[in-house]
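Accompanying notes for the structure given below.
The values are calculated or read from the model by the stated rules, or taken from the named source; none is laboratory data. Because the structure is predicted, anything quoted here is derived from the model rather than measured. Don't worry about glycine lacking a Cβ; one is built from the backbone with ideal geometry, like all the others, and counts go over all protein chains shown. When the accessible area is computed, the model is the full protein with side chains, heavy atoms only, and any ligands, DNA or RNA have been set aside. Shrake-Rupley method; radii C 1.70, N 1.55, O 1.52, S 1.80 Å.
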Amino acid sequence: MVPGEKQSAINQQIGNARFAHNNYLHERKKYYNLYKKTLTISQYQKDYLPKLKEERDYLKTSDKFVYENACRNVDNAYNRFFKGEAGFPKYASYNKPNGNSFTTNYTNNNIELKMIDRMPYVKLPKLGYIRFVLPKGKTLADIQPHGTSIKAATVTRSNTIYRISIRMEAVIDKPVFSTVIHKDDIMSVDLGLKDFGVFGNLKESDAVPNPKWIQVHAKRLRRFQQSLSRKQYDHDSASIRSPEPDVDGVSDSPYTSNYLMTDGQLKKLAAVSPSIDETHTGSRNWEKARLKVVKEQRKIADQRKDFHHKLSRAIADNCTAFICEDLAVKNMMKNRHLAKAIASVGWSQFLTMVKYKMERAGKHFRKVSRWYPSSQTCGCCGYKNADVKDLAVRKWVCPKCGTLHDRDINAQQNIFRMGMRLLQAEGIKII
């Protein structure tokens, strides 16, 4: 997005959504401690939100869907917590992604894509028309094809970058998965760190080099981080936050976790703690240096995502079935020697992209058990060589049949064979 003069209005919408998120979470915790019941979204919107709007005029600048979606995010966080899928819901912060976005729903043509003076604009409730940049080579007809209806829009702020994601709905034909697959149309992969992965079948295998984005940007990122660490910044006073709201709501600011103390509160605190300088609450140069670090980190993430999208699209277009390993990436990240390299390669994001692109096209995506010893098993005779557990062993000779194996190619072909068995067990015919 190119917010221009609407930037302050967008920031206000984001701040209102963060306020609603934190206030609803606070009131819900307080309500449960008092009555042992759940404060529902509808009850909060009926009994609490109107009073807050009367007390704070700036809350009237957002439409009802901004507050409804902010509360729904809290409710979803609670549901995930009770299912054991995530930790306890947290307060939204100005310095974190959960406090830098807002979502509004479509109604009465309040969200619209339109060309004005040959420039693309998006219409948002309470904000009007805001210019945005089309993806390269795309038109509005590509973004919103005929028969597609807009359902919601989410605006996200990442420092100085504003992005809008529009959720749309269209009626499409349900994908029909083929029950007969040619053997040459099946592809398997053995993901790694030396190479991003070895892709292929039993006839041929190709290694895709690992771009190592973090390593490419390491020198510049290190220089920016060193510059940031040298900048003057009063971390003590700037990091003073109001505590999490108590049940009785006596906290100075029970609605936002990134509330900074006022000048009067700093003076009172300085009297008790002379080490706190009430006249210094930050540094412009520190903020400039921080933005340089953030920009470099964002570039790493964007390049990784671009690589994943292009490779996953090539896979989805050129095979009917794709087989991979069910990697426990979270557990692998506990290895401090490999954690940085594993984070850089981004296996989970890549496999997620391959999966949804394959399934949308009516193609098969299968994962082999992580406990299957694909690297240790000889692809010719089935002998299991425990010595190959050592990652330093890149090539080995089977003690039983004498076949020379490349570690990665052998693993890729074993995954291919196991994947074919999984497909055949589901009744899919392989010719």
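Observations on the model:
- Conditions (1) touching a residue at least 40 places away in the same chain (Cβ under 8 Å); (2) open to solvent by less than 20 Å² (accessible area, probe 1.4 Å); (3) outside any helix (DSSP H, G or I); number of the one not met by Val354: (3)
- Some residue of the stretch 374-394 being assigned to a helix (DSSP H, G or I) and among the hydrophobic types (A, V, I, L, M, F, W, C): yes
- Checked against (1) surrounded by 13 or more Cβ atoms within 10 Å (Cβ to Cβ); (2) closer than 29 Å to Trp347 by Cα; (3) hydrophobic (A, V, I, L, M, F, W, C), Ile161 meets all criteria but (1).
- Test for Arg394: is it touching a helix residue (DSSP H, G or I) at 6+ places or on another chain (Cβ under 7 Å) and surrounded by 14 or more Cβ atoms within 10 Å (Cβ to Cβ): no
- Entirely in the stretch 1-81, the helices (runs of 4 or more DSSP H) that have 3 or more residues that are charged (D, E, K, R): 7-35, 49-55
- Given (1) open to solvent by 70 Å² or more (accessible area, probe 1.4 Å); (2) closer than 30 Å to Val74 by Cα; (3) among the hydrophobic types (A, V, I, L, M, F, W, C), index of the condition Leu124 fails: (1)
- Within the stretch 315-331, the residues that satisfy the criterion of being surrounded by 13 or more Cβ atoms within 10 Å (Cβ to Cβ) and part of a helix (DSSP H, G or I) are Ile315, Ala316, Val329.
- Selection within the stretch 43-79: residues that are under 16 Å from Lys29 (Cα atoms) and open to solvent by 80 Å² or more (accessible area, probe 1.4 Å). The member of this set that is nearest to the chain's Cα centre (by Cα) is Asn73.
- A single member of Asp206, Asp190, Asp248 is more than 30 Å from Ile300 (Cα to Cα) and either at pLDDT 90 or above or surrounded by fewer than 16 Cβ atoms within 10 Å (Cβ to Cβ) (or both), and it is Asp248.
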